[in-house]
Amino acid sequence: LLPMAAQEAPRSRYGTLRTLCRLPHRELREALIKHSKTPQPSSVVATAAATAHAQSLPNDGIAPRLRGWAPPSGIRLAVLALLPAATSGFYLPGVAPIDYKDGEFIDLKVNKLTSTKTQLPYEWYDLPFCRPAEIVYKGENLGEVMRGDRIQNSAYEIKMNVEESCKLLCKQSYSPEQTKKFAHKIREDYRINWIVDNLPAATRVVEPATRTSPSRIITIYERGFPLGFKGSDQIPGTKAGVHYVYNHHRIVLKYHTDPDYFEGARIVGFEVEPFSVQHRAGLSGGFATCSPTSPVSHAAPPQPVDGAQDVFWTYDVRWEFSEVKWASRWDVYLYATDEQIHWFAIVNSFMIVLFLTGLLAMIMLRTLRKDLSRYNDLESKEEAAEESGWKLVHGDVFRPPQRPALLAVYVGTGVQVLAMSVATMAFAVLGFLSPA
């Protein structure tokens, strides 16, 4: 069949199916010809096609013989082997590139608030942030579920290649209890986690000026960015002991275009530069602290969270072209380093392993002690010949199982899955695999 199919395939997309139709089964041949015109990704294409054709035939003695009939197993295997030529592939959710057109809406998703001090995550809307009309949970993939992510929609409006400057998200009037919640989270070093096109936000921070060099903006690629900061005498415009929240975010999205391979643009970078600005209303309805011509800067007075406060939440959107391709957009995250050591998680894992090891040793010790004491107290050789307890295992070692073929399949499958998991983890550690 394969040489015949190779000769017929270039003539038609479904030449392989037509080659099978030369088999000495007239009913199957007619059914497959009819089915090749409308292909379906079914694993039982021959059986389904023959049954459908049999039901459409007149009741002349042929239809009763075809109803409930299935082709021989060899024909089914040949059809299944050649079926991929008539099917199309698909991407898993979250790993397929998305091509955006100019002006197309881009969803900015908010994730949980995390801290390396407490290791206790909180949902984004546990704090009184600006809320959309309806909060929707948006899970991406299995890895995010295993990490305990709580991905939700947001009220941010971002469109492809459409820049925004000092756009108002909402105005919130906070009570003293609500500002205390912000101050507590800032004190515990909680960080904000956003996602755009399945890409986590990178952090843009300002390196303070020194005697020999001025201040400059550096990009740190790590998950999340700070919720706020604590004032000190070394930070101009702040008071020691007072907490300040980042209420303005400059969203920088990097895109890549290649008209020869795809239409539109693909997002290859997502950076956020947080600002703390105590906005003041302007005379013309905007803000006196920022405008399209004078963007927000770090020299503006910061926004404190102390007592009852009115906070304006604003954001900018910037678009930058990048030469980085979509397949390489995760490389900067793979080489990022985390300077903070998660001592709590390390100690917690060590204590769990130590506790489980001690529990298992205690159970084994009690079981073996009981058996050993029984063997030591035997009074006669007849009793010594009788074995009990864990020593009876030696009689089952060389006893064949009831279904050896099924056991071999289970063992082989488990070994294969284990080997592939170890190989995948090894390649991921060495940097050969991209999380995208």
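The values are calculated or read from the model by the stated rules, or taken from the named source; none is laboratory data. As the structure is a computational prediction, the values presented were derived from the model and not from experiment. As a convention, Cβ positions derive from the backbone with ideal geometry for all residues, glycine included, and neighbour counts pool all protein chains shown. These accessible areas exclude ligands, DNA and RNA; they are computed on the full protein's heavy atoms, side chains included. Shrake-Rupley method; radii C 1.70, N 1.55, O 1.52, S 1.80 Å.
Take the conditions closer than 30 Å to GLN119 by Cα, within 49 Å of the chain's Cα centre (by Cα), at pLDDT 80 or above and open to solvent by 90 Å² or more (accessible area, probe 1.4 Å) and apply them to LEU360. Does it pass?
When the stated conditions are applied, LEU360 passes them.
For the structure I just gave you, tell me whether LYS167 is more than 21 Å from VAL272 (Cα to Cα) and either open to solvent by less than 60 Å² (accessible area, probe 1.4 Å) or not in a strand (DSSP E or B) (or both).
So LYS167 does not fit the description; no.
Given (1) modelled with pLDDT of 85 or more; (2) farther than 30 Å from ASP331 by Cα, identify the lone condition not met by GLU383.
Here GLU383 clears every test but (1).
Going by the structure shown, is GLU323 exposed (fewer than 10 other Cβ atoms within 10 Å of the Cβ) and at pLDDT 90 or above?
Judged against the criteria, GLU323 is a match.
Evaluate the following for ARG250: is it under 23 Å from the mean Cα position of the chain (by Cα) and touching a residue at least 40 places away in the same chain (Cβ under 8 Å)?
No.
Which numbered condition trips up ASP260, out of (1) at pLDDT 90 or above; (2) in contact with a Pro (Cβ under 9 Å, 6 or more places away or on another chain); (3) surrounded by fewer than 17 Cβ atoms within 10 Å (Cβ to Cβ)?
(2)
Could you run through region 200-236 and say how many residues are at pLDDT 85 or above, open to solvent by less than 80 Å² (accessible area, probe 1.4 Å), part of a strand (DSSP E or B) and not aromatic (Phe, Trp, Tyr)?
So the answer is 3.
Scanning region 389-431 for residues that are exposed (fewer than 10 other Cβ atoms within 10 Å of the Cβ) and part of a loop (DSSP other than H, G, I, E, B), which turns out modelled with the highest pLDDT?
GLN402
Would you confirm, using the coordinates I've provided, whether ALA281 is farther than 12 Å from ASP316 by Cα, open to solvent by 10 Å² or more (accessible area, probe 1.4 Å), at pLDDT 85 or above and of a type in the set (A, V, I, L, M, F, W, C)?
No; evaluated as a whole, the condition is false for this residue.
Quickly run through region 81-114 and pick out the residues that are at pLDDT 90 or above and more than 20 Å from LEU199 (Cβ to Cβ).
Passing the criteria: only GLY103.
Can you find a residue in region 251-267 that is under 13 Å from THR314 (Cβ atoms) and outside any loop (DSSP other than H, G, I, E, B)?
Scanning region 251-267 turns up at least one residue that is under 13 Å from THR314 (Cβ atoms) and outside any loop (DSSP other than H, G, I, E, B).
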